[in-house]
Amino acid sequence: MDLTSSYSKLRSVVDVAFNAPLPPQAAISDALKTLPASLPVTGLGDAVVGSHLLTDITRGLSGQKNSANYYGFVTGGVLPIAEIADNVATAFDNSVQVHLPDQSISTFVEVKALEMLVELLHLREGWDGKTFTTGATASNILGLACGREAVVSKRLAGTSAAELGILGACLKAGVKDIQILTSMPHNSLYKAASVVGLGHASIKDIPVNEDEPWNLDLSALEEGLSLATGGVVSIVAISAGEVNTGRFATNGASTMRKIRDLCNKYDAWLHVDGAFGVFARCLPKTAEFSALHESAGGLELADSIAGDCHKMLNVPYDCGFFLTKSPSTLTSVFQNPNAFYLVKDPSGIPSPLNIGLENSRRFRALPVYAVLLSLGSEGMAEMFTRQVQLARRVAHFINAHSAYELLAQPPDRGNTFDNTHIIVIFRAKDEAINKELTQRVNATRKIYVSGTKWHGKPAVRIAVSTWKVDVERDLSVISAVLDDVVSSYRDL
Ligand SMILES: *Cc1c(COP(=O)(O)O)cnc(C)c1O
């Protein structure tokens, strides 16, 4: 089979078929029927399989990347230059695991991409441990693993949790418990806690109150941290961009400064889960976004930051990043002991396999590199601006609508939306409508939204994260769908 013509056929299939956020349900069922019953003994051959992929399988795939109106989860789209870069990564299939300066420039590109990312995020200096991961979940695992290593090893002389194991290290260090103090954490933090041997129960959710569950309670934080004197050590995890509400756990650099000081006082590790929220720091520094800059301020004071690239940066899955100011902690946990490739190049570039989960890994830095170069910080800020503006226009629309209620509004902000980032959470005032709202909206196949819960009741969440946003065009699509859904009940 001619792969070039097959690739251009793919382009045309994608361009023609996928403007809708979801394929029709029947297309998914039809596509399902084309799957084989089992592994063929005699292979079908490239020609048959190529056509199967392009005609059968593609019919059943969601339009989350290609549609401008997919608002489920926080998925991002894929910028065209990122797609090209991703194909280059596949075409050369370099495994970026060992820094081999005489064989490939891939590790140099990876480091350059990470440096530009730190610049884009205005995180200042000191991030000497940085790597690409498969996503924010993996980055949270790295963050908790580093936190665990640092807080336990502080109480050990010359050895570490990575050496002794968590149980042995804690016994030797007199550590009775390791807790994670946070507010409204993403569910991946629970997974990360389990993976690094701390367990779900280690997570202590300490919000200021029920109305602002995303907001971290500083006095409860200090109370928790002070248990250090009794042998309970802590990792603090800041939700910088909570996934249901888009809100931030802290409200500015001075709060982060206080938290930093508390962490220093009690030898705690300060981790930020900034999967999508950290990108609020890249918005233009104008009055329009000053509240968001305030909320995302001070994150540079953390010991580690988890972030996603496949969300706001609009590169393909899977790509996240992890930054830490303590590269020695990172290598202490992740290095392959006794391997020859521990030797660092004079350039100071570490082998990625010693600072992350995987050994063999994809050259996933390349799409990030391409996007950052192509758009620059101004182009990025322009893309993020459109996303926030659409989210705020949707929030206004919902707030003014008699049938809908906007949720998770900070009580003191009244009806201004200057705290709205890219997420809008709302419900229908009529509970009968509300129960079916997500399903009704998605059944239109014109937009796709996520169902969630707010204070125990169903709610709908719109997350704007694609580069394709056109504020006026998309606002009219969303508002027409939301109007139609409530008026369909009136017609009954
Ligand atoms: C999406 C998200 C994650 C998990 O990221 P993945 O890329 O799905 O691994 C973690 N934290 C927050 C706040 C998120 O929004």
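The values are calculated or read from the model by the stated rules, or taken from the named source; none is laboratory data. Remember, it's a predicted structure, so these values are computed and weren't measured experimentally. Here the Cβ is made from the backbone with ideal geometry for all residues, glycine too, and neighbour counts use every protein chain on show. What goes into the accessible areas is simple: the full protein's heavy atoms, side chains included, and nothing from ligands, DNA or RNA. Shrake-Rupley method; radii C 1.70, N 1.55, O 1.52, S 1.80 Å.
Some points to look at:
- Test for Arg427: is it farther than 23 Å from His310 by Cβ and open to solvent by 60 Å² or more (accessible area, probe 1.4 Å): no
- Test result for Leu100, more than 26 Å from Cys263 (Cβ to Cβ) and not polar (S, T, N, Q): yes
Let's see how each residue does on (1) in contact with a Cys (Cβ under 9 Å, 6 or more places away or on another chain); (2) within 16 Å of the ligand (Cβ to nearest atom):
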position: Thr250; (1), (2): no, yes
position: Ser254; (1), (2): no, no
position: Phe279; (1), (2): no, yes
position: Ser295; (1), (2): no, yes
position: Leu313; (1), (2): yes, yes
position: Ser326; (1), (2): yes, no
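- Qualifying residue in the stretch 50-58 (condition: in a loop (DSSP other than H, G, I, E, B), open to solvent by 40 Å² or more (accessible area, probe 1.4 Å) and touching a residue at least 12 places away in the same chain (Cβ under 8 Å)): no
- Exactly one residue among Leu323, Leu330, Leu357 is at pLDDT 95 or above and under 28 Å from Gly379 (Cβ atoms), and that residue is Leu323.
- Answer from Val232, Val243, Val236 - the residue that is more than 20 Å from the chain's Cα centre (by Cα) and not aromatic (Phe, Trp, Tyr): Val232
- Where strands (runs of 3 or more DSSP E) sit wholly within the stretch 402-492, those with at least 2 residues that are of a type in the set (Ser, Thr, Tyr) and within 23 Å of the chain's Cα centre (by Cα) occupy 450-454.
- On the stretch given as the stretch 312-325, residues that are outside any loop (DSSP other than H, G, I, E, B) and open to solvent by 10 Å² or more (accessible area, probe 1.4 Å) total 0.
- Boolean, Gly147 is out of contact with any strand residue (DSSP E or B) (no Cβ under 9 Å at 6 or more places or on another chain), farther than 18 Å from Cys319 by Cα and among the small types (Gly, Ala, Ser): no
- Cβ pairs under 6 Å, 6+ apart, first in the stretch 305-331 and within 15 Å of Ala280 (Cβ to Cβ), second more than 16 Å from the ligand (Cβ to nearest atom): Leu313/Val371
- The residue list Gly147, Gly72 contains one member that is in contact with a His (Cβ under 6 Å, 6 or more places away or on another chain), touching a residue at least 60 places away in the same chain (Cβ under 8 Å) and within 16 Å of the ligand (Cβ to nearest atom), which is Gly147.
- Qualifying position, being open to solvent by 10 Å² or more (accessible area, probe 1.4 Å), within 14 Å of the ligand (Cβ to nearest atom) and out of contact with any Asp or Glu (no Cβ under 8 Å at 6 or more places or on another chain), among Lys191, Lys172, Lys176: Lys191
- Matching residues in the stretch 209-221 - criterion: being at pLDDT 95 or above and either out of contact with any Leu (no Cβ under 6 Å at 6 or more places or on another chain) or open to solvent by 70 Å² or more (accessible area, probe 1.4 Å) (or both): Pro213, Trp214, Asn215, Leu216, Asp217, Leu218, Ser219, Ala220
- Within the stretch 62-96, tally of residues that are assigned to a helix (DSSP H, G or I) and either surrounded by fewer than 21 Cβ atoms within 10 Å (Cβ to Cβ) or not charged (D, E, K, R) (or both): 12
- Hits in the stretch 297-311 (condition: in contact with a helix residue (DSSP H, G or I) (Cβ under 7 Å, 6 or more places away or on another chain) and either open to solvent by less than 20 Å² (accessible area, probe 1.4 Å) or within 16 Å of the ligand (Cβ to nearest atom) (or both)): Gly297, Gly298, Leu299, Ser304, Ile305, Ala306, Gly307, Asp308, Cys309
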